[in-house]
Amino acid sequence: MSKALDRQVPVLFWIGDSGAAILMAAALACAVASAEQGGHGHLLLAVGGLIAAALLRGGLQIGAVHAGEGAAVRTRTNWRRRVFPHVLVAPPGDRRMLGEAVADAVDRIEDLGGFHSRFLPLRRAAVLSPLIIAIAAALGSWIASAIMLATLVPFALGMALAGTAAARAAARQLDALSRLSGLFVDRVRALPVIVGFGAQERISRHLADATREVAARTIDVLKVAFVSSAVIEFFAALSVALVALYCGFNLLGILPFPAPEKLSLGQALFVLVLAPEFYLPMRRLAAAYHDKQVGEAAVERLEALAPAVLPAPKVAIEGPPALRFDGVVIDYGETAIGPFTLDVAAGTSLALRGSTGIGKSSLLHALLGLAPIGKGRVLIDGRDAADVALSGHVGWAGQSVAFVPGTLADNIRLARPDAEDAAVEAVAHRAGLGPMIEARGQGLALPLDHRGSGLSGGERRRVGIARVLLKDAPLWLLDEPTADLDAGSAADIARILASAAKGRTVLIVTHSTELAAIADSEAVLS
């Protein structure tokens with residue numbers, strides 16, 4: 001089934017429901033007229049028609065709900081296929097909490113159900129169904145039909161005003177829900193750290209504040225929903241009352257103005273039965289209007305998570321790249337660092353030195369897209385860094401070395417999961433881990449926990465260097481690789497880097513003059 005037809009099927013069911021309502025009104029009017037005239041044959045036929053129209057209407061409503069739910073299921077499935085691949089692969093610089101992204105991918109997709117199963121079909125039906133009923137009502141009383149059409153104006157105005165307020169309230173509620181979900185999931189992930197630092201009470205307060213915000217936003221949405229429902233029901237009741245007054249006074253002959261038409265009992269009953277049906281599609285639409293606001297807010301968040309227009313493919317670097325930081329200002333909001341202008345020729349190394357907090361590490365993060373650039377550009381081989389695919393082409397050794405539960409080989413192999421054991425062992429010895437491996441007697445099978453317990457500071461640094469060596473990338477980013485080490489260990493790691501970095505583009509952040517001396521050039525940031 002095509003998408004266009006898939007969307008139209010529930011609409012046709014709802015329009016058919018209005019047609020069945022016209023048949024019910026006609027059968028009921030015929031039954032009353034037959035009873036008034038004493039025609040029992042026509043009465044039985046009219047009652048049979050009324051029952052058949054009622055059954056038809058029930059079947060059409062069931063079909064509309066079923067078709068709408070089917071369209072919603074297919075829409076949610078398509079969104080899951082589009083969004084789920086983006087959840088665990090965050091773009092560089094994305095500061096969204098993982099829990100918030102997961103909440104959007106799960107809860108916001110579910111929020112699309114009512115929007116596609118109820119609101120969209122009812123919105124299309126609400127345009128045609130009242131016109132069909134008004135035309136049918138004109139066969140009984142054209143003045144009553146004109147009254148129905150005239151009262152659409154305040155009815156539509158009330159829906160528009162209510163919808164504007166509901167849209168803002170629904171967007172704020174979804175923002176609060178996503179923040180709460182993200183906060184909860186991320187705090188559960190960090191539970192061992194929270195307990196270790198005794199921060200349970202503070203985190204509980206954070207969660208309580210977020211929960212109260214969600215409750216307040218939900219109350220705001222309910223207030224708008226109740227008020228809008230009351231306004232819409234008031235106009236609907238008032239409109240039906242006007243039609244009822246006209247028909248009643250016309251039958252009694254006490255209209256305060258000359259009547260251009262004289263209604264029979266059957267005609268008046270036909271119009272009176274159709275009057276509530278005229279407003280029923282719009283009342284259904286009003287009842288589903290909250291689904292519209294939630295659905296549109298959900299689509300906005302999902303579009304941000306997985307945009308429909310995919311970015312142009314990035315250009316991969318084929319060798320050691322040339323780097324240029326052109327007037328780069330790193331803007332963290334309250335704090336801005338820079339501007340910095342630096343050039344690193346392809347295949348050369350540059351040591352960045354300067355006082356603590358000057359922005360050395362931030363420059364490395366900006367190159368990777370992990371720090372917000374307020375002004376200036378970072379160029380890689382003359383191209384904007386955002387257009388270059390660095391993933392898989394960077395060797396990184398940071399100020400702290402992360403570990404995973406497993407063996408020493410597993411932790412070194414994080415840099416290249418498909419590396420063979422011989423390659424892992426070679427870089428381990430090249431990084432200076434040979435004496436430790438021999439002393440422990442377990443080789444590369446030495447078990448490690450997520451803290452790297454049992455390794456000294458120098459040995460942890462060497463694991464990081466081993467990863468860089470195993471990666472064998474054309475671009476190296478080294479952030480204080482010898483910090484907090486004794487002079488002997490620092491000199492040893494400097495020698496390893498000096499020999500291994502030849503022919504690569506290397507940026508070294510360091511306070512050490514000895515480590516800076518191995519670079520081809522040096523820049524002191526101030």
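The values are calculated or read from the model by the stated rules, or taken from the named source; none is laboratory data. Keep in mind that what you see is a predicted model, and the values were worked out from it rather than measured. Glycine also receives a Cβ, built like all others from the backbone with ideal geometry; neighbour counts cover every protein chain displayed.
Annotations
- Count - residues of the range 492-504 that are touching a Phe, Trp or Tyr at 6+ places or on another chain (Cβ under 7 Å) and polar (S, T, N, Q): 0
- Taking first residues from the range 439-454 that are over 16 Å from Ala428 (Cβ atoms) and partners that are part of a loop (DSSP other than H, G, I, E, B) and not aliphatic (A, V, I, L, M), the Cβ contacts under 6 Å between residues at least 6 apart in sequence or on separate chains come to Asp449/Pro405; His450/Phe403; His450/Pro405.
- Of the numbered criteria (1) free of Cβ contacts under 8 Å to residues at least 40 places away in the same chain; (2) surrounded by 20 or more Cβ atoms within 10 Å (Cβ to Cβ); (3) over 26 Å from Gly458 (Cα atoms), the one Val378 fails is (1).
- For the range 176-207, a residue qualifies if it is of a type in the set (S, T, N, Q) and in contact (Cβ under 8 Å) with a residue 40 or more places away in the chain, and the qualifying residues are Ser178, Ser181.
- Verdict on Gly16 being at pLDDT 85 or above and of a type outside the set (A, V, I, L, M, F, W, C): yes
- Any hit, the range 424-443, residues being farther than 24 Å from Ser499 by Cα, assigned to a loop (DSSP other than H, G, I, E, B), assigned by TED's automatic domain parsing to the domain that holds Ala491 and touching a strand residue (DSSP E or B) at 6+ places or on another chain (Cβ under 6 Å): no
Quick grid of which residues meet (1) farther than 29 Å from Gly114 by Cα; (2) at pLDDT 80 or above:
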site	(1), (2)
Leu157	no, no
Gly163	no, no
Ala166	no, no
Leu191	yes, no
Arg202	yes, yes
Ala215	no, yes
Glu233	no, no
Leu245	yes, yes
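- Tallying residues that are surrounded by 17 or more Cβ atoms within 10 Å (Cβ to Cβ) and either within 15 Å of Gly443 (Cα to Cα) or among the hydrophobic types (A, V, I, L, M, F, W, C) (or both) within the range 415-430 yields 7.
- Yes/no for Val509 being in the same structural domain as Arg353 (by TED's automatic domain parsing) and touching a strand residue (DSSP E or B) at 6+ places or on another chain (Cβ under 8 Å): yes
- Some residue of the range 467-488 being of a type in the set (S, T, N, Q) and crowded, with 19+ Cβ neighbours inside 10 Å: yes
- Filter result (free of Cβ contacts under 8 Å to residues at least 12 places away in the same chain and either under 14 Å from Pro321 (Cβ atoms) or buried (at least 16 other Cβ atoms within 10 Å of the Cβ) (or both)) within the range 338-360: none
- From the list Val468, Val401, the one residue that fits, being β-branched (Val, Ile, Thr), in contact with a strand residue (DSSP E or B) (Cβ under 9 Å, 6 or more places away or on another chain) and at negative phi, is Val468.
- Test: residue in the range 472-486 that is in a helix (DSSP H, G or I) and assigned by TED's automatic domain parsing to the domain that holds Val424: no
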